[in-house]
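Quick notes on the structure that follows.
The values are calculated or read from the model by the stated rules, or taken from the named source; none is laboratory data. Just so we're clear, the structure is a prediction, and the values are computed from it rather than from any experiment. Backbone-built Cβ (ideal geometry, glycine too); neighbour counts: all protein chains shown.
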Amino acid sequence: MALKGSCPMLLLPLVLLGAWLALASEKLWNEKNDKFLLQHWNYPRSKDSNGTYCDTLMQRQEMYGQEANTFIHAPMGSINNICTLGGTPGKPNERHSVAPFDITVCAFNSTSRTYAGTRYVRRIVLDCRKGLPIDYVRHI
């Protein structure tokens, strides 16, 4: 049975609005994942010939002066996998990696205005949305 009257004309804008909102929401999560990768992903690990790894990366990522930041040295697929099968649930939206990851923690020294980097192999905790990491929480 076909709809009569002005109802079909009212439904079309609602359907289009719903589709637009779904696409906009997906774009938002992809942008958050892109920002996560820019701030926390460095694979393969950049060469550190003179001990300035953290200074160089923090400047390059435009995060110089930030108190601390952690870089993950693993393929993107391995990191994304934490948000699905390669991780276990934690607090809401948090996933704990099952496997340990090679990471570098860069800490800012306000006196010398430089960063010191410490490498670890640790399990990591990520904030995940829609199966993608959007923030680094901590290492465990």
(request) Any residue in region 109-135 that's small (Gly, Ala, Ser): show its pairings with residues that are surrounded by 12 or more Cβ atoms within 10 Å (Cβ to Cβ) at Cβ separation under 6 Å, as long as the two are six or more apart or on different chains. (result) ALA116/ALA107; GLY117/TYR53; GLY117/CYS54; GLY117/THR104; GLY117/CYS106; GLY131/CYS83
(message) Checking the structure you have, find out if any residue of region 51-69 is surrounded by 14 or more Cβ atoms within 10 Å (Cβ to Cβ), closer than 23 Å to LYS130 by Cα and free of Cβ contacts under 8 Å to residues at least 60 places away in the same chain.
(response) no
(request) Restricting attention to region 81-100, report how many residues are surrounded by fewer than 19 Cβ atoms within 10 Å (Cβ to Cβ) and either touching a residue at least 60 places away in the same chain (Cβ under 8 Å) or not acidic (Asp, Glu) (or both). (result) 13
(message) Given the criteria touching a strand residue (DSSP E or B) at 6+ places or on another chain (Cβ under 6 Å), modelled with pLDDT of 95 or more, surrounded by fewer than 16 Cβ atoms within 10 Å (Cβ to Cβ) and within 21 Å of ASN33 (Cβ to Cβ), does THR104 qualify?
(response) no
(message) If I filter region 115-140 down to residues being touching a Ser or Thr at 6+ places or on another chain (Cβ under 6 Å) and of a type in the set (Lys, Arg), which single residue comes out as surrounded by the fewest Cβ atoms within 10 Å (Cβ to Cβ)?
(response) ARG119
(request) Those residues that are part of a strand (DSSP E or B) and charged (D, E, K, R), I need them from region 111-140; list them, please. (result) ARG119, ARG122, ASP127, ARG129, ASP135, ARG138
(request) Among residues belonging to region 12-50 that are in a helix (DSSP H, G or I), surrounded by fewer than 16 Cβ atoms within 10 Å (Cβ to Cβ) and among the charged types (D, E, K, R), point out the one that is modelled with the lowest pLDDT. (result) GLU26
